[in-house]
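Everything on this sheet refers to the single structure shown next.
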Amino acid sequence: MAKTETILELQHVYKYFDDFTALDDINFTLDQGKFYSFLGPSGSGKTTILRTVSGLILADKGKVLFDGQDITNLPAEKRKVNTVFQNYALFPHLNVFDNVAFGLRLKKMAKSEIDDRVVAVLKVIQMDGYENRMISELSGGQQQRVAIARAIVNEPRLLLLDESLSALDQKLRQQMQYELRSLQQRLGITFLFVTHDQEEALAMSDEILVMNDGKIQQSGTPVDIYDEPINHFVANFIGASNIVPGVMVRDYEVAFVGKTFECADAGMRPNEKVEVVLRPEDIDVTTPEQGKLVVNVDSQLFRGDHFEINSHDEDGNQWLIYATNSIEDKDKVGLSFTPNALHVMRFNEDEADFDARLSQYEEGDNAD
Amino acid sequence: MKKVTTLTKTNRLPYFSLYFLWIGLFVIAPVALIVYQSFFGIDHSLTLNNYRTYLSSSVYLRMTFNSFWFAFLITALTLAISYPTAYFLTKLEHRQLWILLIILPTWINLLLKAYAFIGIFSQSGSVNNFLTFIGVGPQQLLFTNTSFILVAAYIQIPFMILPIYNSLVDIDPAIINASHDLGANNFQTLWRVIFPMSINGVRSGVQAVFIPSLSLFMITRLIGGNKVITLGTAIEEHFMTTMNWGMGSTIGVVLIIIMFITMALTAGGRKGKAKS
Ligand SMILES: Nc1ncnc2c1ncn2[C@@H]1O[C@H](COP(=O)(O)OP(=O)(O)O)[C@@H](O)[C@H]1O
Ligand SMILES: [Mg+2]
């Protein structure tokens, strides 16, 4: 179903805490029925964005539109949005049933309908039979589920989830990632998920919005953001990367470590200073004669499914390589990569220019 | 494992014995003395007459009822003033300073405070001056039930505010946010989340106010003008005036029993198992 109805839009939203700019010109739109993730380090403003959307804080400047209506100054209790809070924030004085029924009772719904809905939603999250348990008697994973149930039982059009999986241990967390994703697809509700964990965001999202310092750095599908990061921050934050300074000689040619390489990027000024990204898994180890670059190996770690190799070139740039085999001769090793593996980033390019340049030049080079 | 337990046991022993010594000397012994004393008549003979008198005399029963009734009124008034105040305090900046200001009056001697109120409520006191100024004219304020309840409530307020305040600041703000997020307005959040979550503070406050209010005697005398005879005034009377220590102790025993009943009634489970 290619129904792309916009459900939420933020236009030039700013939020200040005293002198501190927590949100700096935030713009984005969310479509109905998709899974979005806000990804960024701690303190980048993710929770603040969620709160301007849920109404727990109000934007100082800009507009929040929900279903095309301006809700910028509407209080939280009047918004058709529900939140799964960072540490669940379940009501400790109520049992599971009453926690989940909380929102429905406020709507003055008939008791029989409340019962039906709560029982149904507890079944969805596989917590049927736990109605009379107190919150303190539940495990972290169970509390997590109740928090989700308490929100989705209200049938919000948009569900906000703030670091909802962060408190769970690794195994449960991966299981919940699958469950959340399938729940979202079954319910057809738009999910706006906040996390500082890039793997989580890459695994679950239709679209990722990368945040830093109160600004959205880049938004796009997980593959786009991974393959074509807009700047140093995004390249570094999402996955491991090798980032070296270079010069764009001309379209499709970039120079670094004293050599010129063929690449897939274009649309920059000749001899413009740039940064070049090369992902560790895109590098092949070969002989010094066949290698495009020659490096010295500093260390190797066996990671189970690959070897993690740290090395440096003659300019002193560090190179991280994921190789299938270990390296015997550590003095001189050749590195090879395809032109498509190189990704060139301009300094201070904004997202609109970046997207425009990419779409303009991508047709010609058959980039994968 | 064994080593650790034996070690801590021996380490704690001195503290425990100090604790038991304290409890024994200042809690068990006085109570035991009162119980013992209550079985003696005014002529120092061993008897159950004190209890018989207490249970059969309408005077004592009315006194008991009075004590209950006034303690209830004082507690209700104190709670009605303290809960909003405590709630308001949690919203303020410099909360520690405000709390200190609430605690401060408890450091002043009760007698001094009572005399201060006598000054304020007297015929030529500031309240009557004000009433005269606005044209109402001077009123009899001292030695009325109203002034007794007002002053008693004034004195008890800090002991109600503190436990309620503590239970209110313990509430995670995220839980209040969750309530709003689920559609509750301020009043609904107060009624459905904040009040139930602070109920333990209310219970402690009610205990701290109701039980002492049962046996007030100084304020009943100085402010209430001894019009209301409560169990507290009766005890004082028996010990200081009629020298009937046996009867005084009997009323003391009754008070202790009432205290335990009050404690049991207001205790309540930590997590009340709500039903769906
Ligand atoms: N109520 C507040 N008062 C002052 N500063 C705040 C407040 N809320 C958030 N901040 C600041 O705003 C920044 C972003 O916070 P937040 O949105 O919680 O980040 P994130 O969720 O990405 O970790 C942080 O530097 C934080 O200290
Ligand atoms: Mg956060």
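The values are calculated or read from the model by the stated rules, or taken from the named source; none is laboratory data. Quick caveat: nothing in here was measured; it's all calculated off a predicted structure. Note that we place each Cβ from the backbone using ideal geometry, even for glycine, and neighbour counts take in every protein chain shown.
For region A:273-294, give me each residue that is β-branched (Val, Ile, Thr) and either loosely packed, with under 15 Cβ neighbours inside 10 Å or more than 30 Å from A:Asn348 (Cβ to Cβ) (or both).
As a first pass, look at region A:273-294 and keep what is β-branched (Val, Ile, Thr): A:274, A:276-277, A:283, A:285-287, A:294.
Hits for region A:273-294 are A:Val285, A:Thr286, A:Thr287, A:Val294.
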Exercise for review: Would you mind stating whether B:Ile229 is within 25 Å of B:Ile258 (Cα to Cα), touching a residue at least 12 places away in the same chain (Cβ under 8 Å), within 11 Å of another protein chain (Cβ to nearest Cβ) and out of contact with any Leu (no Cβ under 8 Å at 6 or more places or on another chain)?
Suggested key: no
**Study point:** Single condition A:Met176 does not satisfy, out of (1) more than 16 Å from ligand 2 (Cβ to nearest atom); (2) in a strand (DSSP E or B)
**Key:** (2)
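I'd like to check something: does region A:123-131 contain any residue that is aromatic (Phe, Trp, Tyr) and within 10 Å of chain B (Cβ to nearest Cβ)? Talk me through it step by step, then tell me what you get.
In the first step, residues of region A:123-131 are kept if they are aromatic (Phe, Trp, Tyr); the result is A:130.
Still in the list and also within 10 Å of chain B (Cβ to nearest Cβ): none.
Scanning region A:123-131 turns up no residue that is aromatic (Phe, Trp, Tyr) and within 10 Å of chain B (Cβ to nearest Cβ).
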Practice item. With the condition kept exactly as written, say whether any residue in region B:56-71 is at pLDDT 90 or above, closer than 23 Å to B:Ile161 by Cβ and in a helix (DSSP H, G or I). Key: yes
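Somewhere in region B:132-144, is a residue surrounded by 19 or more Cβ atoms within 10 Å (Cβ to Cβ) and part of a helix (DSSP H, G or I)?
Taking region B:132-144 first, the residues surrounded by 19 or more Cβ atoms within 10 Å (Cβ to Cβ) are B:141-142.
Subsequent filtering for residues that are part of a helix (DSSP H, G or I) retains none.
So far as region B:132-144 goes, no, none of its residues is surrounded by 19 or more Cβ atoms within 10 Å (Cβ to Cβ) and part of a helix (DSSP H, G or I).
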Practice item. List the number of the failed condition for B:Ile199; all other conditions in (1) surrounded by fewer than 19 Cβ atoms within 10 Å (Cβ to Cβ); (2) β-branched (Val, Ile, Thr); (3) under 16 Å from B:Leu77 (Cα atoms) hold. Key: (3)
Review point. For the subset of region B:50-66 comprising residues that are more than 18 Å from B:Leu214 (Cβ to Cβ) and touching a residue at least 40 places away in the same chain (Cβ under 8 Å), which member is surrounded by the most Cβ atoms within 10 Å (Cβ to Cβ)?
Key: B:Asn50
Point to revise | Search result, residues across region A:149-203 that are within 16 Å of ligand 1 (Cβ to nearest atom) and polar (S, T, N, Q) | key: A:Ser164, A:Ser166, A:Thr195, A:Gln198
Point to revise | Selection from region A:47-74 of residues that are within 16 Å of ligand 1 (Cβ to nearest atom), assigned to a loop (DSSP other than H, G, I, E, B) and either on the phi > 0 side of the Ramachandran plot or of a type outside the set (D, E, K, R) (or both) | key: A:Gly55, A:Leu56, A:Ile57, A:Leu58, A:Ala59
Study note, to complete from the structure: If we keep only residues of region A:42-57 that are surrounded by 15 or more Cβ atoms within 10 Å (Cβ to Cβ) and away from every other protein chain (no Cβ under 12 Å), then the residue nearest to ligand 2 (Cβ to nearest atom) is A:Lys46
Study note, to complete from the structure: Exactly one of A:Glu77, A:Glu113 is away from ligand 1 (no atom under 16 Å from the Cβ), touching a His at 6+ places or on another chain (Cβ under 8 Å) and either closer than 21 Å to A:Gly55 by Cβ or free of Cβ contacts under 8 Å to residues at least 24 places away in the same chain (or both), and that residue is A:Glu77
Check your understanding: B:Gly183 fails exactly one of the following numbered conditions: (1) of a type in the set (Gly, Ala, Ser); (2) within 14 Å of chain A (Cβ to nearest Cβ); (3) in a helix (DSSP H, G or I); (4) over 21 Å from B:Gly201 (Cα atoms). What is the number of that condition?
Key -> (3)
Review point. Within region A:11-38, how many residues are near ligand 1 (Cβ under 10 Å from one of its atoms) and outside any loop (DSSP other than H, G, I, E, B)?
Key: 8
Point to revise | Residues satisfying the stated conditions in region A:78-101, i.e. at the interface with chain B (Cβ under 7 Å from one of its Cβ atoms), within 31 Å of the chain's Cα centre (by Cα) and outside any loop (DSSP other than H, G, I, E, B) | key: A:Asn82, A:Thr83, A:Phe85
